[in-house]
Amino acid sequence: MITYNTIDVKMPDLPRRATTGWVRAVAASYGKRVGEVAYVFCSDEKILEVNRQYLQHDYYTDIITFDYTRGDVIGGDLFISLDTVRSNAELFGKSYDEELHRVVIHGILHLCGINDKGPGEREVMEEAENRALAMLSE
């Protein structure tokens, strides 16, 4: 089950049924099924607090993914800062909706086993994001 929650922000205009179907389709393309996935949309201040408390990182970010995947069933808590999504959309010349969808699926791709911190991994993640975004518009 996929849930959509907020902490100190208004729920983004994200069509939940369509988004849930898209997330399931992307996971299936990696041979995964969706278990318990909780999206938590929040502010920069909240994501900074989560980053400090759980990861000992002292910076803002667009998403933090807590991975509870077991075998081929993905699960996790995905904290998304809508403030950072908005500023990144401006920075990268993308629409807010496109950047929001990219971040929403970025966390799912992490749960599917794709990383983006090591050498060459960022490019692999970007390619996976682009394939997933293409699935959204089909």
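The values are calculated or read from the model by the stated rules, or taken from the named source; none is laboratory data. Quantities reported herein were computed from a predicted structural model and do not represent experimental measurements. Note that we place each Cβ from the backbone using ideal geometry, even for glycine, and neighbour counts take in every protein chain shown.
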Revision key, fill the gap. Only one of (1) exposed (fewer than 15 other Cβ atoms within 10 Å of the Cβ); (2) closer than 17 Å to ILE114 by Cβ does not apply to LEU78, and that is (1)
Review point. Which one of these does ARG17 not meet: (1) surrounded by fewer than 19 Cβ atoms within 10 Å (Cβ to Cβ); (2) touching a residue at least 12 places away in the same chain (Cβ under 8 Å)?
Key: (2)
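Listed here are the residues, each with its yes/no results for (1) in contact with a His (Cβ under 7 Å, 6 or more places away or on another chain); (2) small (Gly, Ala, Ser); (3) in contact (Cβ under 8 Å) with a residue 60 or more places away in the chain.
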{"site": "ASP67", "(1), (2), (3)": "yes, no, no"}
{"site": "ILE80", "(1), (2), (3)": "no, no, no"}
{"site": "ALA89", "(1), (2), (3)": "no, yes, no"}
{"site": "PHE92", "(1), (2), (3)": "no, no, no"}
{"site": "GLU98", "(1), (2), (3)": "no, no, no"}
{"site": "ILE108", "(1), (2), (3)": "no, no, yes"}
Review point. Residue check, TYR60 against (1) buried (at least 16 other Cβ atoms within 10 Å of the Cβ); (2) in a loop (DSSP other than H, G, I, E, B), all met but one. Which one?
Key: (1)
Study note, to complete from the structure: Checked segment 82-138 for anything part of a helix (DSSP H, G or I), within 14 Å of SER29 (Cα to Cα) and small (Gly, Ala, Ser); matches are ALA128, ALA132, ALA134
Practice item. Could you identify the single residue in LEU82, LEU136, LEU78 that is modelled with pLDDT under 95 and in contact with a Ser or Thr (Cβ under 9 Å, 6 or more places away or on another chain)? Key: LEU136
